[in-house]
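Since the structure comes first, as structure tokens, the remarks are kept for the end.
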Amino acid sequence: TSLEVLTFASSGIPAGINIPNYDDIRQTQGFKNVSLGNVLSARKSEDRVTFLGEADSDLFNRTVKHAFEVQVGIHELLGHGSGKLFTEDADGKKNFSAEVINPLTNAPISSWYKPGETYDSKFQATASTMEECRAEACGIYLCTLPELLTVFGFPEQDREGHPRAADIIYINWLNMVRAGLLALEFYTPETRKWRQAHMQARYAILQVLLHAGSGFVAIHHPSDDEATITLDPKLIDTVGRPAIGSFLRYLMVYKATADVEQANAFYGKYTAVNEDFLKLRELVLNKKKPRNLFVQSHTRLTEDGQVELIDFEDSAEGMARSFRTRFGDGSSI
């Protein structure tokens, strides 16, 4: 479902939502997936996108809104919405057969969620970022399927006035790789900790694709103040997709079987930041651009019972007026 949002009464502005966040309810009762359409279209184009070559920057600006719409849809519905958890209830009944084989070990399932255990309680600090990584990986892996792109209005046949399906795929993958590099802003070297789940997830995907080989993804860093990302679109199907598919298999199995120890070792390998990337982090911070500010509209009832929309100018002053209108005269802000 795609919704047009009138206003947000919150500090964050998500592009998509999959609720509820309780796996047991999702698996037994279902879930709702929502794409917030006008959030996706609110992204501003940049004159020159950081860390991309000129040709890629131009294509990125023309295509990224459409590619991100596809990514968010798959991320929420088929990413967060997929993946069975193997569980045992209080009566000792399991929701899986003893004959089920773990594809990573070729042996029967040997671990699962015991009574009272949940994904969050088992995986704790890594639960959120691994889940976001799983959903992000699903997005780039499945966006290459023609039938899915057709659902989003991008058929294989080129249509005048519409982005090419091949460009949607390429920019979606390139956007993910670039996001993985920009994610270094949210890593703290002093504590060796990540401060944001999505960013850690995207960095992990960047590392997977860098290690895929064949020159598929590269970061050219000729000097301290310059770096450019390249991704070979001809190798998405033959190199990139198999690498992400294998990575996804591990994430899916570890989550399904509650294998925390193996999961943490596996995921930690891809989210570790070495000296080369610490140097790149300095460049990311130096090239950081001001964060986008979103000015929220408001509604109020007039004396005759009609709903009136109140808009504010697109500026810092407009944002301040928006907050003041919502929260009062400002004495408590």
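The values are calculated or read from the model by the stated rules, or taken from the named source; none is laboratory data. Note that the structure is predicted; figures quoted are calculated from it, not measured. Every residue, glycine as well, gets a Cβ built from its backbone with ideal geometry; the counts of neighbours run over all protein chains shown. For the accessible areas, the whole protein counts, side chains as well, though only heavy atoms, and no ligand, DNA or RNA atoms are used. Shrake-Rupley method; radii C 1.70, N 1.55, O 1.52, S 1.80 Å.
Observations
- Listed residues Ala90, Gln124, Tyr267: farthest to the positive end of the dipole of the chain (Cβ charges): Ala90
- Sequence-distant lysines (8 or more away, or on other chains) whose Cα lies within less than 18 Å of Lys255: Lys84, Lys94, Lys114, Lys122, Lys269
- Segments 176-184, 92-100, 80-88, 270-278 sorted - mean Cβ within 10 Å per residue, highest first: 176-184, 80-88, 270-278, 92-100
- Protection proxy ranking, peptides 50-60, 139-149, average beta carbon neighbours within 10 Å, highest first: 139-149, 50-60
- Translational diffusion coefficient (Stokes-Einstein; Kirkwood radius from C-alpha pairs) of the chain at 4 °C, 1.567 mPa s, in µm²/s: 59 µm²/s
- Relative pair counts by distance (%), Cα atoms of the stretch 105-227, 10 Å bins: 11, 29, 31, 22, 7, 1
- Bins of 5 Å, starting at 0 and running to the largest distance - Cα pair percent for the stretch 177-262: 3, 13, 18, 20, 21, 15, 7, 3, 1
- Normalised by 2.2 N^0.38 Å, with N the number of residues, the alpha-carbon radius of gyration of the stretch 105-159 equals 1.77.
- Zone of Asp314's modelled label, taken as backbone nitrogen in the stretch 267-296 under 11 Å from a point 7 Å along Cα→Cβ: 295
- Computed from the alpha carbon atoms alone, the convex hull of the stretch 188-333 holds 253 Å³ per residue.
- Heavy-atom accessible surface of the chain: percent carbon and sulfur, 1.4 Å: 50 percent
- Using only the C-alpha atoms, the convex hull of the stretch 31-108 corresponds to 168 Å³ per residue.
- Neighbours of Asp224 by Cβ distance under 10 Å: Lys/Arg scored +1, Asp/Glu scored -1, total -2.
- Between the amide H of Tyr113 and those of Phe86, Thr87, Glu88, distances stay under 5 Å, these residues lying 5 or more places away or on another chain, with hydrogens modeled in the peptide plane.
- Across the chain, the relative contact order, built from alpha-carbon pairs under 8 Å that are at least six residues apart, equals 16 percent.
- Computed across the stretch 214-269, the Kirkwood hydrodynamic radius from all distinct Cα-Cα pairs reaches 13.6 Å.
- Given a 1.4 Å probe and the protein chains as shown, Trp173 ends up with an accessible area of around 0 Å².
- Overall dimensions of the stretch 1-133, expressed as equivalent-ellipsoid semi-axes from the Cα gyration tensor (√(5λ), whole Å, largest first), are 38, 19, 13.
- Sum of -39500 (n - 2.57) over DSSP H runs of 4+, divided by residues of the chain (222 nm, nearest 500): -13000 deg cm²/dmol
- Accessible area (Å², per residue) of the chain, counting only protein heavy atoms and a probe of 1.4 Å: 55 Å²
- Beta-bridge orientation, the chain: approximately 85 percent antiparallel, per DSSP, counting only bridges with both partners inside.
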